[in-house]
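Worksheet: the structure to be examined is printed underneath.
The values are calculated or read from the model by the stated rules, or taken from the named source; none is laboratory data. Quantities reported herein were computed from a predicted structural model and do not represent experimental measurements. Here the Cβ positions follow ideal geometry from the backbone for every residue, glycine too, while neighbour counts run over all protein chains shown.
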Protein chains: 2
Amino acid sequence: MVNPLLVMDEAIQLALMGKGYNYTNPIVGAVVVKNGKVIGRGYHTGFGMPHAEIEALKDCEESPEGGDLYVTLEPCSTTGKTPPCTDAIIKSGIKRVFIGVVDPNPNHSGKAIKILNDAGIEVFLGFNEHVCAEIIEDFTKFILKRQPYFTLKAASSIDGMIATSTGDSKWISGESSRIYVHYLRSVSDGIIVGINTVKNDDPLLNVRNFNREKEPLKIILDSKLSISPESKVVKDFGKYLIIATTVRDDSKMDNLKRYGVRVLICKEKNGFVDLMDLSDKLVSLNLLNIFVEGGGKVFASFIKEGLVDRFYHFISPKVIGGDGVPLFGDLNCEKIEDAYKCKLTDTKRFEEDILHIYKFNDYTNHVLQLTEKFRNRCKYGCSQG
Amino acid sequence: MVNPLLVMDEAIQLALMGKGYNYTNPIVGAVVVKNGKVIGRGYHTGFGMPHAEIEALKDCEESPEGGDLYVTLEPCSTTGKTPPCTDAIIKSGIKRVFIGVVDPNPNHSGKAIKILNDAGIEVFLGFNEHVCAEIIEDFTKFILKRQPYFTLKAASSIDGMIATSTGDSKWISGESSRIYVHYLRSVSDGIIVGINTVKNDDPLLNVRNFNREKEPLKIILDSKLSISPESKVVKDFGKYLIIATTVRDDSKMDNLKRYGVRVLICKEKNGFVDLMDLSDKLVSLNLLNIFVEGGGKVFASFIKEGLVDRFYHFISPKVIGGDGVPLFGDLNCEKIEDAYKCKLTDTKRFEEDILHIYKFNDYTNHVLQLTEKFRNRCKYGCSQG
């Protein structure tokens, strides 16, 4: 007999393989088990591609008939870009389905469970459900708010400085931290930086150390459209570049378009790009996983708009002093209770550095409550397995 | 048979009971084991009091003859304020002595080991030696440098701010963090704050939540001797108060002395109290464990002088913004490599907060190397036990 939690863990690992290619779809992983042995594995490899369940059934080294299907998210039951997975599962002869969490998409929630049950398939809900909810948190936010999921990232000294008084910031964090940042970029749809970061550092904003077919889009907040066409990111990655601005300047735009750069004219707010408007535009471009790399003024604008979902804070064991450049721009908090609250959800070590992962919003609860509502783990009794 | 590591752990816990009372002595704990059972426990309860070994032997519920003595630090072998412990151990009939680490005091290092060996007692060195070295790090620094051990403490937001732009700082951290700070105060000989902290917060700087017979001294850095005799700390804790200043003002000093306040006239450096001179004066007052509570300018001065040994950084999950008050004053680091390096050695959680413990200096290595030099754990073979 296999341990259902370990099989679900494998399905979760498979799901994560699809991260960065899924756009407005959730990531999903699936495993088929028969006679105490894994016989098929699959994951949703990308937007518009077959779903994880179909991939896992196709991957089976023997007939899945009579076997168990493990899937991190409730299967789909409607025809979208692909036919409903419930049909394929029923047709395959699978006898039991173990589901991590219920699909937060109201078009799907609970429907597959009923369809499978009606077809005589046992359905068990809620294996490693916290992790299964966590890995689709971006998708859940999209369903609930039609907004991208914004992750801020910064490396600072222990006293919260991202550069010295002279602007030197290379390198605050260690090499392992920086490699991990490239992984984080690689699973994002878009990377946002402010125009000052481009002017000061002339960064490429590309993914290094990881071979991915996809290059995340680079989005520059440049309210005055002042970016130089000589910037490395324009010259080397123009076709992956989006300039978010508030001014229409046809000659500048034509110049940038020659490099393949797209210019998004956004609404203006207090002299800057209106981030709520940008958020809408990113959604309409199917860009949901956005990695915001600074600088501090950009961070402050996102915080003020309540758009920050998560903050990856790499802390390097050094002190720069109060004359350095702080992590966040001004936030005008008068009292401590005005400060923007978050929650430390995870820590990881990279050489001498520590990474703190803070969440400002939690969308997992919504999915966990839905799952609770449809839970029927013991309807047929788990002891049969 | 008892597990020697667990017994040494108990000796370490006993040693820590004496913390805050030991002044220029190391803290030490001792346990006597006979026939697989703990029969006596003791620790060094305070400067000038009997040593841990003597307390443990005295505590024995039956004769220690033929038993094992566990002690976190090599016993003393000379007559100080009390007779040499080696005499008492030999006289007690103890057969084996398990020692955590060798005494870094060159008057003692290795001597007890030889004396005990010569008396036919088996001596084993190095059980939980890293922890045994850690708990006497203040003493080791004193032996090596004749300076107090300075621990900085601050609570900040995740972006390193200790107050809002208006100066509000109550309360950045949670209640559990603040209670732990009172514990940390209670095991310190002295608490240092700058005069601005006194003027802004009018703090008592006393130990609350912990009943200790000892109240740590409160040391105010007040270069211009501008403290108001109306300050709470003067009125309520005058006899525990030291004002470190650079000016001699007899009428002010007389006024303060009426409350029992001591005034230390220190050398001046760049308009402030010369911290190296203060450090010497603290040593001559037998004050070795100094807890520096800020503010940021005081922290910056200690960092620049290379006096910081440890930094307790409580991080509360909130963002204040770059217009807040930073952890450290200006340090004039031009390049990242000019930043002051430290090492994250421990983390602890308090409700929503996380505590990072950083070390700027490591004095444990000295003791560990000494212990290595005298190690003879297997001279007689451990298997006899």
Scan region B:138-148 and tell me whether some residue there is farther than 20 Å from A:Gly321 by Cα and within 14 Å of chain A (Cβ to nearest Cβ).
no
Any hit, region B:97-120, residues being surrounded by fewer than 23 Cβ atoms within 10 Å (Cβ to Cβ) and hydroxyl-bearing (Ser, Thr, Tyr)
yes
Please work out which one of (1) closer than 30 Å to A:Lys335 by Cβ; (2) crowded, with 23+ Cβ neighbours inside 10 Å; (3) of a type outside the set (Phe, Trp, Tyr) is the condition B:Ile290 fails and give its number.
(1)
Among the residues in region A:263-273, are any assigned to a helix (DSSP H, G or I) and surrounded by 22 or more Cβ atoms within 10 Å (Cβ to Cβ)?
no
Residues that are under 9 Å from A:Gly100 (Cβ atoms) and not β-branched (Val, Ile, Thr), drawn from region A:114-147
A:Leu125, A:Gly126, A:Phe127, A:Asn128, A:Glu129, A:Cys132, A:Ala133
Any idea which residue in region B:162-177 is farthest from the other protein chains (Cβ to nearest Cβ), counting only those that are surrounded by 18 or more Cβ atoms within 10 Å (Cβ to Cβ) and touching a Phe, Trp or Tyr at 6+ places or on another chain (Cβ under 9 Å)?
B:Ser177
Residues of region A:196-221 being within 21 Å of A:Pro148 (Cα to Cα), crowded, with 19+ Cβ neighbours inside 10 Å and without any contact (Cβ under 8 Å) to a residue 40 or more places away in the chain, which ones?
A:Val207, A:Lys218, A:Ile220
Name the strands (runs of 3 or more DSSP E) wholly within region A:103-204 that hold at least 1 residues that are of a type in the set (Phe, Trp, Tyr) and touching an Asp or Glu at 6+ places or on another chain (Cβ under 8 Å)?
A:149-157
Quick one: in region B:315-348, of everything that is small (Gly, Ala, Ser) and outside any strand (DSSP E or B), which residue is farthest from the other protein chains (Cβ to nearest Cβ)?
B:Gly324
The correct count of residues that are assigned to a loop (DSSP other than H, G, I, E, B), within 14 Å of chain A (Cβ to nearest Cβ) and either modelled with pLDDT under 95 or buried (at least 20 other Cβ atoms within 10 Å of the Cβ) (or both) in region B:349-371 is 1
Please go through (1) at the interface with chain A (Cβ under 9 Å from one of its Cβ atoms); (2) under 20 Å from B:Leu205 (Cβ atoms); (3) part of a strand (DSSP E or B) for B:Tyr312 and return the number of the only condition it doesn't satisfy.
(1)
Let me spell it out: the conditions are (1) of a type outside the set (D, E, K, R); (2) modelled with pLDDT of 95 or more; (3) in contact with a helix residue (DSSP H, G or I) (Cβ under 8 Å, 6 or more places away or on another chain), and B:Cys60 meets all of them except one. Which number is the exception?
(3)
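Okay, residues lined up against (1) modelled with pLDDT under 95; (2) among the aromatic types (Phe, Trp, Tyr); (3) over 30 Å from B:Ser109 (Cβ atoms):
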residue: B:Leu125; (1), (2), (3): yes, no, no
residue: B:Ile143; (1), (2), (3): no, no, no
residue: B:Pro148; (1), (2), (3): no, no, no
residue: B:Met161; (1), (2), (3): no, no, yes
residue: B:Thr164; (1), (2), (3): no, no, yes
residue: B:Gly167; (1), (2), (3): yes, no, yes
residue: B:Ile192; (1), (2), (3): no, no, yes
residue: B:Asn206; (1), (2), (3): yes, no, yes
residue: B:Leu217; (1), (2), (3): no, no, yes
Out of the residues in region B:244-262 that are in a loop (DSSP other than H, G, I, E, B) and not small (Gly, Ala, Ser), which is nearest to B:Gly295 (Cα to Cα)?
B:Thr246
Residue pairs within 7 Å by beta carbon, gap of at least six or interchain, first lying in region A:54-67 and in contact (Cβ under 8 Å) with a residue 12 or more places away in the chain, second of a type in the set (A, V, I, L, M) and in a loop (DSSP other than H, G, I, E, B), listed first then second, are A:Pro64/A:Ile94; A:Gly67/A:Ile94
Looking at A:Ser301, is it away from every other protein chain (no Cβ under 12 Å) and either modelled with pLDDT of 95 or more or assigned to a loop (DSSP other than H, G, I, E, B) (or both)?
no
Quickly run through region A:216-243 and pick out the residues that are assigned to a strand (DSSP E or B) and hydrophobic (A, V, I, L, M, F, W, C).
A:Leu217, A:Ile219, A:Ile220, A:Leu221, A:Leu241, A:Ile242, A:Ile243
